[in-house]
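A short worksheet on the structure shown next.
The values are calculated or read from the model by the stated rules, or taken from the named source; none is laboratory data. Owing to the predicted nature of the structure, the values given are computational and were not obtained by experimental measurement. Positions of Cβ are backbone-derived with ideal geometry, glycine not excepted, and every protein chain shown enters the neighbour counts. When the accessible area is computed, the model is the full protein with side chains, heavy atoms only, and any ligands, DNA or RNA have been set aside. Shrake-Rupley method; radii C 1.70, N 1.55, O 1.52, S 1.80 Å.
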Amino acid sequence: MAKLNVGSIDLSDFDKDWFLVVSKLMERSIRANLASIASFYIRRNIGAFKELLAYKAKKHGISEDECFEILLNNGEFPLPIVSFLEEPPEINEE
């Protein structure tokens with residue numbers, strides 16, 4: 001994997017080359033294109049991420065807002081509910 005020198009993101013040579021060429025063709029900076037891609041990915045998958053957040057909150061017996069704040073601030077989760085048996089939602093990682 002080649003490294004694209006923006007936060008040391010690992011990309012294949014093919015993806016790195018095309019990303020650099022596309023950025024130049026669009027006359028946009030690499031950082032601007034990375035920001036657009038990250039934003040698009042989050043918005044496209046927000047429903048699945050909300051399902052995962054709800055699952056994690058339920059597993060630990062807290063609200064979704066509390067779960068979000070813990071994750072955002074690198075906090076610690078309470079211990080999982082012992083009798084919790086629900087399967088986690090499947091997330092498409094494309």
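For region 39-66, the candidate set comprises residues that are small (Gly, Ala, Ser) and surrounded by 14 or more Cβ atoms within 10 Å (Cβ to Cβ); within that set, the residue that is farthest from PRO89 (Cα to Cα) is ALA57.
Here is a check on your reading of the model: is GLU93 touching a helix residue (DSSP H, G or I) at 6+ places or on another chain (Cβ under 7 Å) and acidic (Asp, Glu)?
Values: touching a helix residue (DSSP H, G or I) at 6+ places or on another chain (Cβ under 7 Å): no; acidic (Asp, Glu): yes.
For GLU93, the condition - touching a helix residue (DSSP H, G or I) at 6+ places or on another chain (Cβ under 7 Å) and acidic (Asp, Glu) - is not met.
So that you can scan it fast, the table gives a plain yes or no per residue for (1) touching a residue at least 40 places away in the same chain (Cβ under 8 Å); (2) within 13 Å of the chain's Cα centre (by Cα):
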{"position": "MET26", "(1), (2)": "no, no"}
{"position": "SER36", "(1), (2)": "no, no"}
{"position": "SER39", "(1), (2)": "no, yes"}
{"position": "ASN45", "(1), (2)": "yes, yes"}
{"position": "LEU52", "(1), (2)": "no, yes"}
{"position": "LYS58", "(1), (2)": "no, no"}
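Any residue that is open to solvent by 70 Å² or more (accessible area, probe 1.4 Å), of a type in the set (A, V, I, L, M), outside any helix (DSSP H, G or I) and touching a residue at least 12 places away in the same chain (Cβ under 8 Å) - is there at least one of those in region 67-83? Yes, region 67-83 contains at least one residue that is open to solvent by 70 Å² or more (accessible area, probe 1.4 Å), of a type in the set (A, V, I, L, M), outside any helix (DSSP H, G or I) and touching a residue at least 12 places away in the same chain (Cβ under 8 Å). Residue under question is ALA2, and the condition is that it be surrounded by 12 or more Cβ atoms within 10 Å (Cβ to Cβ), touching a Ser or Thr at 6+ places or on another chain (Cβ under 9 Å) and at pLDDT 95 or above; does it hold? It is false that ALA2 is surrounded by 12 or more Cβ atoms within 10 Å (Cβ to Cβ), touching a Ser or Thr at 6+ places or on another chain (Cβ under 9 Å) and at pLDDT 95 or above.
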